[in-house]
Amino acid sequence: MAAKKKKRQRSNFPSIYDRKVWSCAMAHLSRRDKIMAGLIKRMGRISINWGGDSYESLMSAIIYQQISGAAGNSIEKGLKALYNGRMPSPKKFLKTLEKKVRGAGISPQKYSYLKDLCTRILDGRLELKKFDIMEDEDIIEELDKVRGIGRWTAEMFLIFSLGRINVVPRDDLGIKKAIKNVYGLRDYPTGSKFSELAERWAPYGTIASLYLWRSADIKTPKKIE
C-alpha cells in the first residue's frame, strides 16, 4: 500500500509555500534593498521543502539539535523503525519503554525533551492546532515552555513547518555569517544592524533569510552556541 502523502496545514496567515507570496516578496525586497536585489537576480525563486505537520516537525527539531544532519537522520530513522517507519503519536511514544527509545540513539536529555513535548500535547497544555491562528511571537512564547525548545528552534519551526513569512533568526550562525559577507561588514551584525535590516525586509524577513542562507551555501541552519 502506498504511503499517504502529508497534507500541508491550512493557516490564516500568508505562507512562504505560496508562489504568489514569493512573487510579492521578491519584488518588495528588490525595491527595498539593493544588495538583496542582487541575490534575487542571481538566484531567482528558491525552492524549499515543507517541514511537515507541526507535531512531527517539533519531534524532528529536538532530535536534530546539536548534531549533524546525517546523525539526526540516522537517529530519526531508528526511532521511526520502532513504529513501522512512522513518527509515533504522542500517546504511542509515552507508552514505549525509555530503554527502547534510547536504543534508537536518543540521548537521555533528548528523551526528556520528547517526553515533555508529548505530555504537554496530550494533557492540553500545548495545542498545536491553535498555531494556525496565533501570531509568531505568541507561538514562540508557547514553545519556549517546552523543555529543550528555545527561540531558535521555535523560529525554525515557524519558517519550515508553518511557513511564516516574516521571521529573521537573529541567533542563527548562518544568517550572521551571510550578512557579514554579503553586506561587507567587518564583524557579525549588531542588534541595531539586525533591526535595521529586519525593518527594511518586513514583511518578508523569512524570504530574505532564505536568500542569505543560500548565498552562503548553507544547507542546514546552525545555532550559535
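The values are calculated or read from the model by the stated rules, or taken from the named source; none is laboratory data. Predicted, not measured: the structure shown is a model, and the values here were computed from it. Virtual Cβ from ideal backbone geometry, glycine too; neighbours counted across all protein chains shown.
Yes or no: region 144-157 includes at least one residue that is more than 10 Å from the chain's Cα centre (by Cα), in the same structural domain as Y204 (by TED's automatic domain parsing) and in a helix (DSSP H, G or I). Scanning region 144-157, I find no residue that is more than 10 Å from the chain's Cα centre (by Cα), in the same structural domain as Y204 (by TED's automatic domain parsing) and in a helix (DSSP H, G or I), so the answer is no.
Do any helices (runs of 4 or more DSSP H) entirely within region 14-82 hold 3 or more residues that are within 13 Å of L210 (Cβ to Cβ) and touching a Ser or Thr at 6+ places or on another chain (Cβ under 9 Å), and if so, which?
On the way: elements: 19-32, 34-43, 54-64, 69-81.
Answer list for region 14-82: 34-43.
Checked across region 183-202, the condition of being surrounded by 13 or more Cβ atoms within 10 Å (Cβ to Cβ) and acidic (D, E) holds for no residue. Here K129 passes the criteria (1) under 26 Å from V167 (Cα atoms); (2) at pLDDT 95 or above except the one numbered (2).
Summed over region 184-201, the residues that are in a helix (DSSP H, G or I) and either farther than 19 Å from A25 by Cα or touching a residue at least 12 places away in the same chain (Cβ under 8 Å) (or both) give a count of 8.
Among the residues of region 162-175, are any β-branched (V, I, T), modelled with pLDDT of 95 or more, within 28 Å of A70 (Cβ to Cβ) and assigned to a helix (DSSP H, G or I)? No: zero hits.
Restricting attention to region 35-63, the residues being without any contact (Cβ under 8 Å) to a residue 60 or more places away in the chain, among the hydroxyl-bearing types (S, T, Y) and under 20 Å from W152 (Cβ atoms) number 1.
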